[in-house]
Structures are given as structure tokens and as C-alpha cells.
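First up is the structure itself, then whatever we jot down about it.
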Amino acid sequence: MKVEPQQLIAFVLDAGLATKDQLDAAQQEANKNGVKVDDVLIEKKIVSEEQLIKLKAYILGIPFVSLEKENIPLEVLQIIPEPIAHKYSIVAFRKTGSELEVAMTDPEDIQTIEFIHKKANLTILPRLTNPQSIAMVLKQYQKSMEEEFSDLFAAKGEGVEENEAGEFASLEGKIISAPKDEEKVDQKPEDLAKAAEDLPVVKIVDSLLRHAITQSASDIHIEPTEKEVIVRYRIDGILHDAMTLPKKLQQGVAARIKVLSNLRLDEHRLPQDGRFKLETTEFKISFRVSIIPVYDGEKIVMRLLREEGHENNLESLGIQSGSLERVMRAIHKPSGMFLVTGPTGSGKTTTLYTAMEILNTAEVNISTIEDPIEYRMPRVNQTQVKPQIGLTFSAGLRALLRQDPNIIMVGEIRDTETASLAVNAALTGHLVLSTLHTNSAAGALPRLIDMGVESFLIASTTNAILAQRLVRKLCPDKEKYRLSKDQVKNLAEIFTIDAILEVMKKEKAIAPNSTWETIDFYKAKPSKESPSGYKGRVGIYEVLEISDAIRDLILKKMPYTEIEKAAKEEGMITMLEDGFIKAAQGYTSLEEILRVTKE
């Protein structure tokens with residue numbers, strides 16, 4: 001089911017949708033840029049996307065369907081799992097006997113049709129549709145979630161009300177009475193265990209986990225308040241309200257998560273940490289669970305760790321050109337330290353895992369000490385920190401040095417003893433990879449000195465320090481604009497924009513004769529599929545390579561600001577400069593760069 005470009009062009013011409021000159025020009029541009037001719041026709045607004053899809057349907061003899069006003073039965077909709085529907089833009093909309101009609105935007109996607117055929121054991125009848133139809137149907141998954149929760153609350157006897165239209169009222173606006181004093185009394189462990197296995201509670205927790213996975217959330221926050229329980233998802237670094245649960249479900253939900261994580265059901269006064277794993281044919285995800293007592297109950301935060309979700313090369317993380325060369329030189333040295341710095345949630349561990357994947361060959365022994373083990377890696381010996389039995393970072397690192405390692409990854413340098421051991425390991429012929437919590441690459445140097453590491457040891461062992469942040473990526477359908485004189489003036493009050501402009505030219509992100517007023521930047525364009533206009537994240541980086549000149553400055557105990565200045569003179573691109581480059585390349589927006597670098 002493939003439409004050849006020349007065949008499509010001939011039908012577009014026959015249908016009178018474009019002239020021969022327009023089609024020839026589109027064909028030449030497609031060949032020059034290595035893209036499809038139909039993408040050029042849509043971008044140039046010669047032919048609309050819907051017209052092209054209808055034309056392809058006619059050529060292939062496949063019916064075209066519009067589902068924008070179609071209400072699909074839940075049992076039919078869920079034949080195709082929501083993650084598959086989202087990823088491949090394919091939805092089930094009608095089932096007749098053993099035949100299932102599916103709507104899709106890509107008629108060449110035979111593999112997905114074959115996959116659905118095997119999973120559902122039904123005869124698949126493909127139909128072509130437009131992206132708007134797919135978007136409207138995908139919304140029905142979310143509606144089914146709300147209906148599912150309403151049914152579950154009703155099953156628990158919560159009395160979910162209906163509005164005048166006969167639909168369920170939003171729980172977000174519903175006032176739930178405060179719990180009575182007797183409801184605050186801790187339940188017995190056996191009662192909590194029973195609540196954890198209560199069918200509605202099990203379904204509620206399963207639904208919260210499933211929808212967090214579907215929406216690519218990195219964290220789930222379950223926060224008890226005086227009258228309700230708020231559930232929030234962190235998506236692309238930003239928290240969003242997902243659901244409001246009745247207060248009466250609080251203990252049952254907490255107990256269910258404790259059962260899954262193998263935690264104590266009767267412990268409500270002390271923090272607890274655990275983890276569990278969810279595996280299906282589509283994904284394998286570990287949940288890292290943290291529970292802490294708060295005034296109105298227990299707050300639960302679950303970090304979602306996609307075991308196969310980390311990138312396998314540094315370029316795909318967003319490390320480019322000179323920065324990439326510096327990192328590769330640092331990690332391919334036989335000994336020394338390579339440090340990654342940044343705040344919590346800035347992607348430090350993912351960067352280290354990616355570096356380990358590059359280094360992971362049969363000739364080397366890689367050992368790690370982590371808290372927690374976020375991803376499982378073949379041929380890497382991974383050890384989980386367990387402070388309660390004395391297995392701390394320092395104790396684990398000391399033991400690893402007796403395991404004949406070539407490369408050691410320490411999840412985080414947190415204290416003086418771990419820092420001292422890591423430096424000694426680097427001195428004795430090991431390559432040490434680790435992370436630190438600092439705001440910049442040069443800021444790692446005073447942090448190590450604060451931990452009691454001598455300047456001469458830092459200078460002689462450190463290969464490079466990488467600092468990073470994560471910024472949200474713009475969706476492909478973004479809005480181009482140029483800065484006004486007032487906007488350039490505002491930027492000049494905050495940053496040294498002349499220096500940034502020179503770096504952008506040097507890195508060939510913009511033309512040599514560009515000015516701030518002639519550079520194309522991009523804004524987020526909200527859509528039905530992505531209300532924020534962003535999807536996914538990319539890193540911005542700075543890499544401080546310890547050259548001979550930088551080493552001398554460290555030995556002289558110069559301030560880190562002087563070291564940073566010298567590194568810039570040697571060609572280091574700062575995170576801010578890397579952010580402006582990525583904004584000019586269309587990866588992200590200036591608003592995002594300002595948001596994450598405002599400190």
C-alpha cells in the first residue's frame with residue numbers, strides 16, 4: 001500500500017489541485033532537501049493535507065473516513081492500546097463480527113496493521129483519515145478515563161453527582177466534607193491490606209499508572225489535602241493536575257502502592273522508599289516510590305524509569321560539535337574523573353548511562369554503585385546502595401576497588417569520604433564517572449574543595465566537567481518570528497548578547513552577517529494534540545575540559561569565575577550560549593532558555 005511520488009503528482013495534476021510548474025518546483029525542492037514531495041506541497045500550502053489524504057485513498061482504493069464527530073464505543077476503542085494509538089496515529093472505530101475497521105494517516109504502515117491483527121485476532125480493514133480525526137478520537141481515551149473514575153467512585157459509594165446535561169460533574173470542583181475525627185485514627189494492618197486489595201482501589205491505581213505512562217510523565221505526585229487527594233503528573237519537567245480523588249480513597253490508594261512496593265502498611269510516621277516494575281508487550285517501566293508523612297496524610301511521589309528509554313548516543317541527547325568532542329576525549333581516557341553536574345531532574349544520570357553504553361565493550365569491566373539503579377545494563381555490574389545495612393556510596397566504592405574494575409560509575413558524590421575515594425580511584429588508574437549538584441561546570445571545583453579534596457588532586461585527576469539542564473522541545477508545528485528592537489534591548493539588559501551572537505556565528509547556527517533582528521526564532525504553537533506546543537525535552541550543555549592552562553589556575557586556587565572565563569577563552573560554549581544556538585535551530589524557544597537559565 002504505497003503511493004509512488006510520480007503517481008501522486010500525476011493525480012494532483014489531473015485533479016486540478018496544482019499547476020505543472022508548481023509540481024515541478026515542489027519535486028525539485030523535495031529532491032534537494034531529501035523530503036517527501038507531499039510534505040513540500042503541504043508546507044507551501046499548494047495542496048491541503050486532507051486533499052492529499054483523500055487523493056491517496058482514491059489511488060489505493062481505500063475508503064476515506066472522517067471521525068471528528070464520531071463517538072466510538074469504549075470496547076472498540078480499547079482494542080488498540082492508547083500508547084500504540086498515540087505513537088502510530090491509528091485507531092479502531094468499528095467492529096463487525098470478526099472484522100475491525102481501523103483509521104490511520106500512514107497507508108504504508110503495514111507493520112502496525114500486522115501487529116494489531118496478531119494481538120486482536122481480527123481481520124483488519126484499513127481506512128485513511130486526517131490528523132484531526134485521530135486527535136479527536138485520542139481525546140476519547142481521556143474521556144473514558146474520567147468515566148472510568150466516575151464509575152469507580154460510584155462503586156465506592158462516593159455519590160458522584162450529575163449535572164443538568166446528565167453528565168458527570170468534574171470532581172475538581174466538587175467540595176468533599178472534611179474527614180471526621182474517627183477517620184483520622186490509624187487503621188490496623190489487616191484492614192489496610194484489605195483496602196489495598198479492594199477492587200475499585202486496585203483499578204484506580206492501575207488507571208493512574210497507565211495514564212501516566214501514556215502521557216509520558218516522569219513523575220506521579222499523590223498529595224493529600226484536608227478535603228481531597230490531588231494527583232499530578234510531571235510531563236516534560238512541568239507539573240500538571242491529572243485528577244482529584246475523594247478523601248475517603250486516600251488510605252486505600254496509599255496501602256495499594258505500599259503493597260506493590262513491598263513497604264510496611266502500618267508505618268505512617270516515617271518516610272519509606274520502595275520500587276516496583278510494570279512490564280507489558282509495549283513497555284517495561286520501573287516505579288521508584290517515595291512516601292513521606294505530611295499534615296493531611298502521606299504524600300506519595302513515584303518516579304517513572306523507562307528501562308529501555310535512555311538514548312544510546314550523545315548526539316541524540318543534544319551534545320553538539322565542540323562540546324561533543326570534549327566529552328568523547330574525556331571518557332576515552334584510561335583514567336581520571338568525568339563529572340556531570342546540574343540540579344535534580346536535569347538528566348545527569350541519563351548522560352552517564354549513555355557514556356557507559358559507548359564504553360561498554362568486552363575489553364573493560366564496568367562497575368557501578370547507585371541509588372537507585374535507574375536502568376539495567378547488560379555486562380555492567382550494578383550495585384544498589386542500602387544505607388540501612390551499611391552499604392553506603394563510600395562503602396560500596398571501597399568494595400568495588402577490589403573487583404578489578406576499569407571503569408567505575410558512582411551515582412552521586414555526596415560526602416567527603418565518597419569524594420576522597422573517587423579521587424583516589426582516579427589516581428590509581430581507573431576511569432570514574434559521577435555526578436554532583438552544582439549550577440555550572442566550574443562550580444564543581446569549589447564544591448569538591450568544600451568536601452576536603454585538595455586542589456592539586458582535583459587538577460591531576462579531573463578530565464572534564466559537564467553541566468546541563470533540560471529544556472522542552474517545540475512541536476514540529478511551531479510559529480516563526482523575529483525579535484523586535486525593544487526585545488533585543490531587553491535581552492541586552494540581562495545578557496552580553498554581542499558575545500552570544502559571535503558564538504552562534506562561530507558554531508554556524510546562523511549566517512555570518514546575521515544580526516539579532518534577522519535571526520529566525522520560534523514560538524510554541526498550542527494544538528489539540530499538544531496544548532502547550534511542546535513535546536519531549538533536549539539538553540543544553542557546557543563542557544569544561546581540564547587543559548594545562550585550567551590545571552594551572554586550579555593549582556593556584558583561583559576563583560571559579562576566573563576558571564570559567566579562561567575556559568570560555570579556550571572555546572567553551574556555556575549553557576546559555578548552547579540554549580540560544582538550539583533556539584535558533586528551532587529545537588526550543590527563547591522563553592524555555594530563559595526559564596531554565598534564569599539563575
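The values are calculated or read from the model by the stated rules, or taken from the named source; none is laboratory data. Owing to the predicted nature of the structure, the values given are computational and were not obtained by experimental measurement. For neighbour counting, all protein chains shown are included, and Cβ atoms are generated from backbone atoms with ideal geometry for every residue, glycine included. Side chains included, ligands, DNA and RNA excluded: accessible areas come from the protein's heavy atoms. Shrake-Rupley method; radii C 1.70, N 1.55, O 1.52, S 1.80 Å.
State whether one or more residues within region 240-259 are assigned by the TED database to the domain that holds residue 204, modelled with pLDDT under 90, open to solvent by less than 20 Å² (accessible area, probe 1.4 Å) and outside any strand (DSSP E or B). Looking for residues that are assigned by the TED database to the domain that holds residue 204, modelled with pLDDT under 90, open to solvent by less than 20 Å² (accessible area, probe 1.4 Å) and outside any strand (DSSP E or B), one finds at least one in region 240-259, hence yes.
Filter region 540-559 down to the residues that are among the charged types (D, E, K, R) and not in a helix (DSSP H, G or I), then identify the one that is farthest from residue 456 (Cα to Cα).
Initial filter on region 540-559 (among the charged types (D, E, K, R)): 542, 545, 548, 551-552, 556-557.
From the residues that got through so far, the ones that are not in a helix (DSSP H, G or I) too are 542, 545, 556-557.
Working: 542: 23, 545: 16, 556: 9, 557: 9 Å.
Among those residues, the one meeting the criterion is 542.
Candidates are the residues of region 265-279 that are farther than 26 Å from residue 375 by Cβ and free of Cβ contacts under 8 Å to residues at least 24 places away in the same chain; the one that is least open to solvent (accessible area, probe 1.4 Å) is 267. Residues in region 423-446 that are surrounded by 17 or more Cβ atoms within 10 Å (Cβ to Cβ) and within 18 Å of residue 567 (Cα to Cα): 438, 440, 441, 442, 443, 444, 445. Within region 548-575, the set of residues being open to solvent by 30 Å² or more (accessible area, probe 1.4 Å) and of a type in the set (Gly, Ala, Ser) comprises just one member, 549. With 402, 376 as the choices, which residue is without any contact (Cβ under 8 Å) to a residue 12 or more places away in the chain, assigned by the TED database to the domain that holds residue 566, assigned to a loop (DSSP other than H, G, I, E, B) and charged (D, E, K, R)? Checking each option against the conditions leaves just 402.
Only one of 577, 562, 591 is free of Cβ contacts under 8 Å to residues at least 60 places away in the same chain, within 23 Å of residue 493 (Cα to Cα) and assigned to a helix (DSSP H, G or I); which?
On the way: 577 fails: free of Cβ contacts under 8 Å to residues at least 60 places away in the same chain; 591 fails: free of Cβ contacts under 8 Å to residues at least 60 places away in the same chain.
After applying the criteria, what remains is 562.
Count of region 1-53 residues, restricted to those that are at pLDDT 80 or above and hydroxyl-bearing (Ser, Thr, Tyr), is 1.
Using the structure shown, decide if residue 288 is charged (D, E, K, R), surrounded by fewer than 20 Cβ atoms within 10 Å (Cβ to Cβ) and either in the same structural domain as residue 386 (by the TED database) or part of a loop (DSSP other than H, G, I, E, B) (or both).
On the way: charged (D, E, K, R): yes; surrounded by fewer than 20 Cβ atoms within 10 Å (Cβ to Cβ): yes; either in the same structural domain as residue 386 (by the TED database) or part of a loop (DSSP other than H, G, I, E, B) (or both): no.
Criteria not met by residue 288.
Among the criteria (1) open to solvent by less than 50 Å² (accessible area, probe 1.4 Å); (2) among the basic types (Lys, Arg); (3) at pLDDT 80 or above, the one residue 56 does not fulfil is (3).
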